Amino acid sequence: MATVDRTPAENRSLGGDHSPAENRTPVENRTPAEDRATADERSPAEVRRPGGDRAPGAGRTAVLVVGAGPVGLTAALGLRARGLPVTLLEADPEGRRREGSRALFVHRETLRSLDGMRPGLAAEISSFGQTWRTVRTLYRGREVYARTFPPSVRQAGDRPGLPPFTSLRQVDTERFLLAACEAAGVRIEWGARVAGVRVSAAGVAVTAEDGRTWSGDRVVAADGARSAVRRELGIPMEGGHAPGFHVVVDVAETPGAELPVERVFHYEHPGVGGRSVMRVPFTGGFQLDLQCRDDDAPDSYGTEEAVRDWLPRLVGDGHADRVLWVSTYRFLRKVAASFTDPARRVLLVGEAAHLFPPFGARGMNSGVADAAAAAEAVAAGTPEAVEAFAVTRREAALFNSAAAGEALEHLRPRRRTVRAKQRVAAALAPVVPRCGAWLERAPYGPRHGSPASAGGTY
Ligand SMILES: Cc1cc2nc3c(=O)[nH]c(=O)nc-3n(C[C@H](O)[C@H](O)[C@H](O)COP(=O)(O)OP(=O)(O)OC[C@H]3O[C@@H](n4cnc5c(N)ncnc54)[C@H](O)[C@@H]3O)c2cc1C
């Protein structure tokens, strides 16, 4: 079985009826920004930016967003919040079923940004998601760190109840974003697989595989790791990948046998031959992330049969028939050479622009930051604003890539000294608490952001 990059060809749905996704009431409260945008659409010649000056796109679609993943949906929402008409082009058909285990961890910064686009959205997402207060680290079967945090303290300017993070499956996050986009008046074209992009002085024209075309003043490309828009513009990805792979398994919780709501990292777990494994709760279940060795055959850990074999040794009996998805991923670290084209008409965001290993949860969280910055630049409407977006978000991506690389070096040590340091820290942890704290922190890379570039954590 081949391992995959960001397109989990090896995902298998194993009992989708366990899916924790629920149908939720679509967003119903209208926001002032949305009311303004709806009025603008009735008479597009009157489209105006919040500052009062005329926005681009009078009489036609002002902005096209390609890709309805979490980043494209956020970009569309951000553009609507700024009063711009948006058409979102998505290759998949309406009502699609998204494959695979992906992002769980939605940071407070991301929630705050989404709430700025649609007040109330953060509360909707976080009241569905789960926030654990206990983190635990083990080393070869022995606990070396545990901490339970007090209930979160509200930060200045935040709405009541905004947690430090929330954990839910990416399909659920996307469900909330899609409902918000629909309520905000984003026009969505499903089954529109973009294959061609033509940039001119007047704007951008995109063509779908089936020959349909759309034009706009600008395009936000959020079409993922194999971005057709990026390919059409001839922008290369720079970077590479680390050897080996990891197996990610989503498991629906078993009624009556729920595991504690704790994030647990276990170095060199004896139940899986000394491989490291992390367990992360999400609403309705938990995700296991198993670090395989470079010379492991994917079949030995990443098949449904293999998972049924090793899962009970990590979480006990009764869970193996609750597996939702099994995916294998490689460790890509790539950043686009540029986040825009020479005419500053197309803005690359999310995985169309960068790929990181998931440790530190920088993929979707930084994609949301890209999308917010792209919406701001497009609303400003100048090539200079787009250029500033491209430079700033590329710097942030390079920082995020380095941070994820740091986490990877700790999780999959190349040097014997790193493994020895972990062993010594584990031995000292009972008497030197900061050794345990280091073992707890290090798998996620640095916690701080690059203030000069990203302006935040991501
Ligand atoms: C195991 C794992 C765990 C992760 N955990 C986290 C985490 O906890 N937190 C976090 O922040 N990130 C995490 N990530 C990363 C996160 O999943 C990605 O960063 C995120 O999915 C990227 O979103 P996107 O919208 O850029 O791309 P995608 O989700 O890939 O969406 C792209 C969209 O574009 C569409 N599309 C593709 N081609 C075309 C085309 N030609 N025309 C039109 N539409 C097209 C696709 O159908 C899709 O809908 C994790 C990733 C993995 C693999």
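Kindly rank 262-268, 251-257, 234-240 from highest to lowest mean number of other beta carbons found within 10 Å of each residue.
262-268, 251-257, 234-240
Please list, in order, the residues from region 208-238 whose amide nitrogen is less than 17 Å from a point placed 7 Å along the Cα→Cβ vector of Ala195.
Those under the cut-off are 208-214, 227-233.
None of the figures in this text is laboratory data; all of them are computed from the coordinates on show. Since the structure is predicted, the reported quantities are computational estimates derived from the model, not experimental observations. Cβ atoms come from the backbone with ideal geometry, glycine included; neighbour counts cover every protein chain shown.
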